[in-house]
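First comes the structure, then the notes that go with it.
Any read-out appearing in this document is the output of simple, stated calculations on the displayed coordinates, not a laboratory observation. Remember, predicted model here, so these are calculated numbers, not experimental data. For neighbour counting, all protein chains shown are included, and Cβ atoms are generated from backbone atoms with ideal geometry for every residue, glycine included.
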Amino acid sequence: MEIKIEHVSKKFGDFTALDDISLTIADGELFFLLGPSGCGKTTLLRCLGGFEQPTTGRILLGGEDVAGKPANQRNTAMVFQGYALFPHMTVFENVSFGLEMKGVPPEEREKRVNAALRSVQIEHLGGRKPNELSGGQQQRVALARTLVVEPGCLLLDEPLANLDAKLRRDMRQEIRRLCKDNKLTGVYVTHDRQEALSMADRVAILKDGKIRQIGTPLEIYRHPSDAFIANFIGETNFVPGKVVSVENGQTAVETAFGVLKSDTASGWKAGDDVQLSMRPETLSLKNGDESCVNVLHVTLKQTTYLGEIADHIAVGKDGSELKFYELNPISEMQNGAACELKVRPQDVVVLPPGKEE
C-alpha cells in the first residue's frame, strides 16, 4: 500500500503538533518517523490510523483519500507501545478477536490465527493468558493480532519501548522480517536512533512538527542537513570555521585545528561561516610519515579504556575538544601526549553555523 501525505497539519487549540507535512511512503517500504519527544511523530501516526483527523491536508492510503474515515474502516493495523492485549483471553482468542469482529467464519479464523502464530514463532503458546507470557512473547502476540487481519499497512508506535535491551535487539530484525515476508508497508515511530538505523528503508526526522530531513539510514547518518540532525542521529564533534576556498569539488575550511578539506559540501563560497561535523569514529591516529589530506595536531586530555575500544578526548591549541575512538587498542596513551589525528575529506561534513539543541 502506497501512502501519500499531502500538506497535513494538526492543531490542538493554539498548539501546532504537525506543520505542513508532505511525504510519500512506497508500497512495501519500512518507513521510520524519528525524533525527540513532542516532535509530532505519534500524532502523524495516529492521523494515518484514523485515531486523529488532520486539521488541514490529505492522507491517501493506496490511492484512497481517507479523510473522516475511522480506524476500523482503513486498511491499517496498529501495534501500540503497551500491546493492549485482553487479559481475560488466551493468546489464540486475542489474535482471533479482530477476525471475529469482521465476521470471518470459524474454520477460516482458526486457519489464519494458526498461520499468524507460526509467523511470529509462538504457535505453542496459543492456550496461555497474557500474564503468563514474557514481554517479548506479549509483543509477538500483538504483532500476530495485527498480521492476522491482513492489513495493507502496519503502524507501530514505539513497540519495543517496554523490552530490555537484548530483547529489543532481537525483535528489531524480527519485525523487519515480518513486514518484508508479508509485503506490508510499515510506518514505525521511535525516538531510538539505533532502531531506525538498523531497521528502516528510509527515515524522516521530525522536530517541532516539521520534517527536517528524509533519507536512507546511511544518508541521514553520513550527510545530515544541519547540526540538530547530526547531533540527534549520533555522536559528533562540531568545529566552527570559515570557508577559504572551493576548488575541484573540495571545500577548504579554516578552523582552530588548521585547514580541513571536505568532499561532502556543496553550495558554499569563500568567506562563509560554517561548522564542521566529524564523528568520533572518523578520526584516528596518524601513523608516522603517513600522507594525509587532513591532519589535526592535538594533545590527549582523557582516555577511557573499554576493552575493544578506547574512547579518547583531545584538545587543540585553543582548548577546543575533539572526541575520537581507537579500535583494538594495544597500548596505553598518556594524558598530555601530543599526537596527530587524521580524517578523510569524505568524513568531514560542512553544516550551517550555530548549534541547535
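Listed cross-link partners Lys261/Lys323; Lys269/Lys342; Lys129/Lys207; Lys242/Lys286 are compared with a 29 Å cut-off, the Cα-Cα value being larger for Lys129/Lys207.
Each Cα pair under 8 Å and six or more residues apart adds its separation to the average, and for the chain the resulting relative contact order is 16 percent. Based on every Cα atom in the range 241-357, Rg and the maximum pairwise Cα distance Dmax equal 14.8, 44 Å. Arranged from fewest to most other beta-carbon atoms within 10 Å of their beta carbon, Val243, Val187, Val295 become Val295, Val243, Val187. When the helices of the chain are scored as -39500 (n - 2.57) per DSSP H run of n ≥ 4 and the total is divided over every residue, the value at 222 nm lands at -7000 deg cm²/dmol. For the range 80-187, chymotrypsin sites (Phe, Trp or Tyr not before Pro) are listed when DSSP marks them as loop and at most 15 other Cβ atoms sit within 10 Å of their Cβ; the list is Phe80. Ranked by how many other Cβ atoms sit within 10 Å of their own Cβ, fewest first, the residues Glu132, Glu123, Glu107 fall in the order Glu107, Glu132, Glu123.
Taking the Cα centre of the chain as origin and assigning +1 to Lys and Arg Cβ atoms and -1 to Asp and Glu Cβ atoms, the resulting dipole is close to 740 debye.
Sequentially through the range 317-322, phi angles give Karplus couplings (6.51, -1.76, 1.60; θ = phi - 60°) of 4, 8, x, 5, 9, 10 Hz, Gly and Pro residues having no value and appearing as x. Placing unit charges on the Cβ atoms of the charged side chains and taking the dipole of the range 230-351 about its Cα centre, the candidate lying farthest along the positive direction among His297, Gly249, Ser277 is Gly249.
Annotation for the range 174-224: trypsin sites (Lys or Arg not before Pro) lying in DSSP loop with at most 16 further Cβ atoms inside 10 Å of their Cβ are Lys183. The calculated Kirkwood hydrodynamic radius for the range 127-209 is 13.7 Å, given to one decimal from all distinct C-alpha pairs. For Pro87, neighbours were defined as the other residues whose beta-carbon sits under 12 Å from its Cβ, and their charges (Lys and Arg +1, Asp and Glu -1) total 0. Dimensions of the range 158-277 along the principal axes, based on C-alpha atoms and rounded to the nearest Å, stand at 52, 28, 26, largest first. The range 32-60 and the range 139-159 have Cα centres lying 18 Å from one another. Loop-located GluC sites (Glu not before Pro) across the range 229-298 with a Cβ neighbour count of 15 or fewer within 10 Å are Glu235, Glu290, with loop assigned by DSSP.
Calculated translational diffusion coefficient of the range 3-229 (25 °C, 0.890 mPa s; Stokes-Einstein with Kirkwood radius over alpha-carbon pairs) equals 135 µm²/s. Evaluating 6.51 cos²θ - 1.76 cosθ + 1.60 at θ = phi - 60° for every residue in the range 45-61, the Karplus couplings come out as 4, 5, 5, 5, x, x, 7, 9, 10, x, 6, 9, x, 10, 10, 10, 10 Hz, glycine and proline recorded as x.
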